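S.K.: The structure follows.
Where a number appears in this text, it was derived from the coordinates with a stated rule and is not lab data. Here the structure is a predicted model, which means the values were calculated and not measured. We place every Cβ from the backbone using ideal geometry, glycine too, and count neighbours over all the protein chains shown.
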Amino acid sequence: MRHIFEFECNGPVWQVAFSPNGRYLACASGDGYLRVFSVDSWDIVFSHKSENEMIRVAFSPNGRYLACLDVYAFLWVFSSACWGVEFEFEHEKYVWSLSFSPDSRFLATGTMGNRVRVFNLHEKTVVLEYRHGNEILCLDFDPQGKYLVSGGMDRHVKIYSTMGWLKVFDSKFRGPVEALGFCRNGKLLVITDTKGFIYVLQSGTWARILELRLCGGIYYIGPCSNNLLPIACKGNILKIIDISRWRSIYELDLEGTILNAKFAPNPRYLAICDDEGTLLIIDTTINWDIIHREKLWGPIYSLAFSHSGLLAFGGEDQHLRIFKVW
């Protein structure tokens, strides 16, 4: 584990993201800046200033677009070729969720104002807009780009086909839907709620094939890797679920609320951060040993791995940090 770069922002680091090719690292911070760093030199190759805090940033899967949002829900989409503005849009309320389609053609947003919008970035138009009964907490495209799924405080999950943008599923669950995601190359949709239930649906038919209660409440699920799914439960407990058996194979108690838990592209490593400023890196091949522990002042809001073994993270202490993990 080696510390290789650090940058001080003048506000909290809200989100970090590596470009798919690993050449760039984007950082959204509370000083109103979107900054893009070159991974080769760690020079800032692009920056954009908002009058408000920058809170969300994401690269498209093909690396062509970089999307960012400020706290008052203004959306910018930049071209990574020249860093020019491709698209702008002002939402009516705070945006909780942001997701690109796998082909990078569409960008979906979900707001506190109950609305999901889908933007066609090629045509620079809104192709779909629909509502939930309350704020949107999560949304995602399936890996094949056939469906868009959204969940919210109204306890509903809604699914739209990207072919014609027709609604194909709408169902109510026990509690507010805090998190959802696809597993097994999109064959399964995993949904979790604040009552602690996990629901597994078969993609396409949307038949419910599994329902079980894991804990008192689930508020986060990380990306699935090698059939392993990180789930954060109330009580500051992280569970790793083996989805081939739907059993917990590892549990860890943290001091604070878990904000992120992600496997590296090399699934040997798992990084976890919480709102007490704790960062843990775990080697899953050696009895799930904690191989690195970092303690910062204040919550760590975001972390991201690159395919070359870099880990970027940042939070309330206003510092962006980069480690070399492997």
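S.K.: Evaluate Rg over Rh across segment 250-294, taking Cα atoms for both radii and Kirkwood's formula for Rh.
M.R.: Details: Rg = 10.0 Å, Rh = 10.6 Å.
My calculation of the ratio gives 0.94.
S.K.: Among His48, His292, rank each residue by its count of other Cβ atoms within 10 Å, from fewest to most, as a rough exposure measure.
M.R.: Details: His48 18, His292 15.
Taking fewest neighbouring Cβ atoms as first place, the list is His292, His48.
S.K.: Moving on. Leaving out same-chain residues fewer than 8 places away, which aspartates and glutamates sit with a Cα under 14 Å from that of Lys167?
M.R.: Straight-line reach from Lys167, under 14 Å: Glu129.
S.K.: Next question. Ignoring the sites themselves, what is the longest stretch of the chain with no GluC sites (Glu not before Pro) in a DSSP loop and at most 12 other beta-carbon atoms within 10 Å? Mind showing how you got there, number by number?
M.R.: On the way: sites that count: Glu51, Glu92, Glu123, Glu255.
Longest stretch, sites excluded: 124-254.
S.K.: Cα extents of segment 8-100 along the three principal axes, largest first, in whole Å?
M.R.: That works out to 37, 29, 20 Å along the principal axes.
S.K.: Here's another thing I want to ask about it. Checking the cross-link filter: which lysines have an alpha carbon closer than 25 Å to that of Lys49, excluding same-chain neighbours under 8 positions apart?
M.R.: Lys93, Lys124
S.K.: For segment 139-227, with equal point scatterers placed on the C-alpha atoms only and solvent neglected, what are the log10 I(q)/I(0) values from the Debye formula at q = 0.11, 0.22 1/Å, to two decimals?
M.R.: -0.26, -1.09
S.K.: Need one number: nm distance between label points at Arg174 and Asn227, each 7 Å from Cα along Cα→Cβ, rounded to one decimal.
M.R.: For the pair Arg174/Asn227, the computed spacing is 2.6 nm.
S.K.: How many angstrom lie between the Cα centre of segment 35-49 and the Cα centre of segment 3-20?
M.R.: 10
S.K.: Also: Working from the pairwise distances between different alpha carbons, so that the mean of 1/r is found and then inverted, what is segment 1-158's Kirkwood radius in Å?
M.R.: Numbers: mean 1/r = 0.0622 Å⁻¹.
Computed over Cα pairs of segment 1-158, the Kirkwood hydrodynamic radius comes out at 16.1 Å.
S.K.: Only Cα pairs under 8 Å and at least 6 apart count here; give the relative contact order of segment 107-198 as a rounded whole percent.
M.R.: Values: 221 pairs, mean separation 17.3, N = 92.
19 percent.
S.K.: Would you work out if segment 146-195 is rounded, prolate or oblate? Take a ≥ b ≥ c from the square roots of the eigenvalues of the alpha-carbon gyration tensor; rounded if a/c is under 1.5, else prolate when a/b is larger than b/c, oblate otherwise.
M.R.: Details: a/c = 2.83, a/b = 1.37, b/c = 2.07.
Oblate is the answer for segment 146-195, as a/c is 1.5 or above yet b/c matches or exceeds a/b.
S.K.: Taking a cut-off of 31 Å, what percent of all Cα-Cα pairs in the chain are separated by more than that?
M.R.: Numbers: 14773 of 52975 pairs.
In whole percent, the share of Cα-Cα pairs in the chain beyond 31 Å is 28.
S.K.: Still on this structure, I have one more. At most 16 other Cβ atoms within 10 Å and a DSSP loop assignment: could you name the chymotrypsin sites (Phe, Trp or Tyr not before Pro) in segment 19-79 that fit?
M.R.: Values: sites: Tyr24, Tyr33, Phe37, Trp42, Phe46, Phe59, Tyr65, Tyr72, Phe74, Trp76, Phe78; in loops: Trp42, Tyr72.
Passing both the DSSP loop test and the Cβ count: Trp42, Tyr72.
S.K.: OK, next. Would you mind ranking Thr125, Thr257, Thr194 so that the residue whose beta carbon has the fewest other beta carbons within 10 Å leads the list? Don't skip to the answer; put the middle values down first.
M.R.: Working: Thr125 10, Thr257 15, Thr194 20.
Sorted ascending by nearby Cβ count, the order is Thr125, Thr257, Thr194.
S.K.: Once you've got the GNM for the chain with C-alpha springs shorter than 10 Å, pick whichever of Val149, Val177, Val127 has the biggest mean-square fluctuation.
M.R.: Result for the chain, Cα springs under 10 Å: Val127 fluctuates most.
S.K.: Run the quick spin-label model on Asp103 and Ala207: label points 7 Å from Cα toward the beta carbon, then report their separation in nm to one decimal.
M.R.: 2.9
S.K.: Ok, one more. Can you give the convex hull volume of the alpha carbon atoms of segment 249-326 per residue, in Å³? Before the final figure, lay out each step's value.
M.R.: Working: hull volume 6.2 nm³, N = 78.
Given the Cα convex hull of segment 249-326, per-residue volume reads 79 Å³.
S.K.: Also: Residue separation times 0.36 nm, minus the C-alpha to C-alpha distance between Glu88 and Arg268: what's the value?
M.R.: Details: separation 180, 0.36 × 180 = 64.80 nm, distance 3.89 nm.
So the extension gain works out to 60.9 nm.
S.K.: Hey, what does the equivalent ellipsoid look like for segment 78-202, semi-axes from the Cα gyration tensor as sqrt of 5 times each eigenvalue, largest first, whole Å?
M.R.: On the way: eigenvalues 122, 56, 31 Å².
Taking √(5λ) for each Cα gyration eigenvalue gives 25, 17, 13 Å.
S.K.: Please check which bits of segment 270-313 a label hung off Asn236 would reach, taking the label as a point 7 Å along Cα-to-C-beta and the cut-off as backbone N under 11 Å.
M.R.: Residues 274-278 fall inside that zone.
S.K.: While we're looking at this one, here's another question. Give me the lysines in straight-line cross-link reach of Lys262: C-alpha distance below 17 Å, same-chain residues under 8 apart excluded.
M.R.: Within the straight-line cut-off, Lys262 pairs with Lys239, Lys324.
S.K.: What is the fewest-to-most order of Met112, Met54 by other Cβ atoms lying within 10 Å of their Cβ? All intermediate terms of the calculation are to be shown ahead of the outcome.
M.R.: Details: Met112 18, Met54 29.
In order of increasing Cβ crowding within 10 Å: Met112, Met54.
S.K.: When the scattering of segment 1-57 is computed by the Debye formula from its Cα atoms alone, each counted once and equally, what is log10 I(q)/I(0) at q = 0.19, 0.20, 0.22, 0.26 Å⁻¹?
M.R.: One equal scatterer on each Cα of segment 1-57 leads to -0.64, -0.70, -0.83, -1.08.
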